[in-house]
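Heads up: the structure comes next, in structure tokens.
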Amino acid sequence: MLNKKLLYKGMLLLSTAGLLAACGTEDNTDSEDTSGDTTEETTEEVTTEEGTSEETAEDAPEKPESLLIWVNDEEAQLNAYDEITANFTEEYGIDVEITPYNMLEQTEGMSLDAPSGQGPDLFFQPHDRMGDIYLQGLAAELNLTEDQLSRLGEYNEEAVNAFSYEGAQYGIPAVVETYGLFINTDLVSEAPETMEDLTETAAELTEGEQYGFMMNAADLYFTYPFITADGGYIFAQNEDGSYDTSDIGLNTPEAVSAVERIQGWYEDGLMPQGTDLEVANSLFQDGQLGMIINGPWAIPDYKESLGDSLVAAELPTQDGEPLNSFSGNKGWLVNYYTENEYWATELALFMTNAESSETYYEVAGELPAHTAVEIEDELMAPIFAQTQNAHPMPNIPEMSQVWEPINDALTFIQQGDDVQEVLDEAVSTIESEISLMGQ
């Protein structure tokens, strides 16, 4: 793993100006020297969820005067981290400098600034970019202490795993995002507990221009819970959590059975062909649809249209097991070139601990990866509960080759095409595209 990263860095530095290469090499050497020689010979008080305890900090590097972080440039998020980092400074005596920086543009900035020592100590990224971040060598593999590992154990396990790559941990999750079931109680008196309940209720309500249940069934993101409920999968996973891209499970008998059930929704008239999220949203907000699958981003519009008739619920169960939604996670990564890896990691853990996560949720409105936070909002609480049964989207570059072929296949399936044949063709396309990535 280290050899791959060093090879990439060598190529990166050779492609830049000579001065940039020299600065990058010098910074990396200084980082190694600093972390090995300078320590604090003090004992500091550490506050944990269980109470206050004394922890020896003999092995902790000397505190830097300040740390620099890149925060996604949305006002609510900046406001939240202003408050959270002020608390960190008060507790640890380390100033935190915040630079607003669009999350989706940060990796480009990191590739330019980090090797010369101009990058931040921490940057903020969605987990599905981990593969590219790893290949570019932008994030440090975290060498977590026993205490840090213990604290990380309080986070959503799947969210933590989303920031691991090739069996190593590279990030601290901050935010978990998934979807759930929204219900118009004027049409549906209570949330369906099982898939059978959902299907029966949908059939009873569907008449004329009124429908019982809709979702964007031509999008793998939303159909993932149903495909995996019978045993389908995207990529097989090894024991260490890494993905085996040679083993694609989207055309197995289990996946075919699940997609045939989805096709049945169209054949039975529960959803018209061409149904997408825009169509479903319009019907739901107009009071003509009883249930819809969507994410928390839709709550403001739904609430405005339905008022107190709107409720949210976790996805129903199938065969006694909860449906596993897809999740997108966002979190903090430590700059590979920083001289402050230990304290950057401490800051990441502080910004995502239970207290900070509650502040972040209250100010920024995003659901936390820390499981100890209590969400009291009646519409957000079920979505937060669903995050406990959510699977992160695969964080490898090969996942980019999956979306279009499968989404095309799901569209053809709406039109009545043979499920096995369509999925076989989609998987063949995915395999071909992945094979070209290595050339």
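The values are calculated or read from the model by the stated rules, or taken from the named source; none is laboratory data. No experiment lies behind these values; they were computed from the predicted model shown. Methodologically, a virtual Cβ is constructed for each residue, glycine included, from the backbone with ideal geometry; neighbour enumeration extends over all protein chains shown. Quick note on the areas: whole protein, heavy atoms, side chains included, nothing else; ligands and nucleic acids left out. Shrake-Rupley method; radii C 1.70, N 1.55, O 1.52, S 1.80 Å.
Could you please find all residues in segment 230-244 being crowded, with 17+ Cβ neighbours inside 10 Å and at pLDDT 95 or above? Passing the criteria: 232, 233, 234, 235. A single entry from 114, 80, 139, 162 fulfils the requirement of being farther than 29 Å from residue 245 by Cβ and either buried (at least 23 other Cβ atoms within 10 Å of the Cβ) or hydrophobic (A, V, I, L, M, F, W, C) (or both): 80.
Taken over segment 281-296, the criterion of being under 27 Å from the mean Cα position of the chain (by Cα) and in a strand (DSSP E or B) is satisfied by 291, 292, 293, 294.
Here is a yes/no grid of residues against (1) open to solvent by 20 Å² or more (accessible area, probe 1.4 Å); (2) modelled with pLDDT of 95 or more; (3) not charged (D, E, K, R):
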| residue | (1), (2), (3) |
| --- | --- |
| 352 | no, yes, yes |
| 355 | yes, yes, no |
| 364 | yes, yes, yes |
| 379 | no, yes, yes |
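Checked against the criteria, residue 202 does not count as open to solvent by less than 10 Å² (accessible area, probe 1.4 Å) and part of a loop (DSSP other than H, G, I, E, B).
Out of contact with any Lys or Arg (no Cβ under 8 Å at 6 or more places or on another chain), open to solvent by less than 30 Å² (accessible area, probe 1.4 Å) and either of a type in the set (Lys, Arg) or not in a helix (DSSP H, G or I) (or both): is that true of residue 299 in this structure? Full working, then the answer.
Values: out of contact with any Lys or Arg (no Cβ under 8 Å at 6 or more places or on another chain): yes; open to solvent by less than 30 Å² (accessible area, probe 1.4 Å): yes; either of a type in the set (Lys, Arg) or not in a helix (DSSP H, G or I) (or both): no.
So residue 299 does not fit the description; no.
Residue 265 passes every criterion in (1) more than 28 Å from residue 130 (Cα to Cα); (2) under 24 Å from the mean Cα position of the chain (by Cα) apart from (2).
With the condition kept exactly as written, say whether any residue in segment 318-333 is over 21 Å from the mean Cα position of the chain (by Cα), open to solvent by less than 20 Å² (accessible area, probe 1.4 Å) and in contact (Cβ under 8 Å) with a residue 24 or more places away in the chain. Explain how you work it out, then say what you get.
Quick first cut of segment 318-333, residues over 21 Å from the mean Cα position of the chain (by Cα) only: 318-321.
From the residues that got through so far, the ones that are open to solvent by less than 20 Å² (accessible area, probe 1.4 Å) too are 318.
If we keep only those that are in contact (Cβ under 8 Å) with a residue 24 or more places away in the chain too, we end up with 318.
Yes: segment 318-333 contains one or more residues that are over 21 Å from the mean Cα position of the chain (by Cα), open to solvent by less than 20 Å² (accessible area, probe 1.4 Å) and in contact (Cβ under 8 Å) with a residue 24 or more places away in the chain.
Listed by first and then second residue, the pairs with beta-carbon distance under 9 Å, at least 6 apart or on different chains, first residue in segment 271-290 and among the hydroxyl-bearing types (Ser, Thr, Tyr), second buried (at least 18 other Cβ atoms within 10 Å of the Cβ) and assigned to a loop (DSSP other than H, G, I, E, B), are 275/215; 275/216; 275/217; 275/218.
Are there helices (runs of 4 or more DSSP H) fully within segment 51-165 with at least 1 residues that are without any contact (Cβ under 8 Å) to a residue 24 or more places away in the chain and of a type outside the set (Val, Ile, Thr)? List them. Don't jump to the end; show me each part of the working.
Numbers: elements: 75-92, 106-113, 130-136, 146-152, 157-162.
By residue number, 75-92, 106-113, 146-152, 157-162.
Kindly indicate whether residue 420 is in contact (Cβ under 8 Å) with a residue 24 or more places away in the chain, open to solvent by 60 Å² or more (accessible area, probe 1.4 Å) and within 24 Å of residue 322 (Cβ to Cβ). No. The single residue among 433, 378, 425 that is over 22 Å from residue 122 (Cα atoms), over 21 Å from the mean Cα position of the chain (by Cα) and assigned to a loop (DSSP other than H, G, I, E, B) turns out to be 378.
When we screen 250, 277 for residues that are of a type outside the set (Val, Ile, Thr) and buried (at least 22 other Cβ atoms within 10 Å of the Cβ), the only hit is 250.
Take the residues in segment 208-228 that are small (Gly, Ala, Ser) and open to solvent by less than 10 Å² (accessible area, probe 1.4 Å); name whichever of them is farthest from residue 416 (Cα to Cα). It would help to see each step written out before you state the result.
Residues of segment 208-228 small (Gly, Ala, Ser): 208, 212, 217-218.
Still in the running and open to solvent by less than 10 Å² (accessible area, probe 1.4 Å): 212, 217.
Numbers: 212: 21, 217: 14 Å.
The extreme case among them is 212.
Against the list (1) modelled with pLDDT under 95; (2) touching a helix residue (DSSP H, G or I) at 6+ places or on another chain (Cβ under 8 Å); (3) farther than 17 Å from residue 350 by Cβ, the condition residue 54 fails is (2). If you take the residues in segment 173-185 that are open to solvent by less than 10 Å² (accessible area, probe 1.4 Å) and in a loop (DSSP other than H, G, I, E, B), which one is nearest to residue 272 (Cα to Cα)? By that ranking, first place goes to 179. A search for C-beta distances below 9 Å between a residue of segment 351-369 that is of a type in the set (Asp, Glu) and any residue that is assigned to a helix (DSSP H, G or I), counting only pairs 6+ apart in sequence or on different chains, returns 355/84; 355/87; 362/80; 366/76; 366/77; 366/80; 366/296; 366/360.
Scanning segment 249-276 for residues that are among the polar types (S, T, N, Q) and touching a helix residue (DSSP H, G or I) at 6+ places or on another chain (Cβ under 7 Å) yields a total of 3.
Within segment 347-359, is there a residue that is small (Gly, Ala, Ser), touching a Phe, Trp or Tyr at 6+ places or on another chain (Cβ under 8 Å) and outside any loop (DSSP other than H, G, I, E, B)? Even if it seems obvious, please write down each step before you answer.
Looking only at segment 347-359, we keep the residues that are small (Gly, Ala, Ser), and these are 348, 354, 356-357.
Those still in the list that are touching a Phe, Trp or Tyr at 6+ places or on another chain (Cβ under 8 Å) too: 348, 356.
Those left that are additionally outside any loop (DSSP other than H, G, I, E, B): 348, 356.
Yes, because at least one residue in segment 347-359 is small (Gly, Ala, Ser), touching a Phe, Trp or Tyr at 6+ places or on another chain (Cβ under 8 Å) and outside any loop (DSSP other than H, G, I, E, B).
Residue 188 falls short on exactly one of the conditions (1) part of a loop (DSSP other than H, G, I, E, B); (2) open to solvent by 10 Å² or more (accessible area, probe 1.4 Å); (3) touching a residue at least 40 places away in the same chain (Cβ under 8 Å), and that condition is (2).
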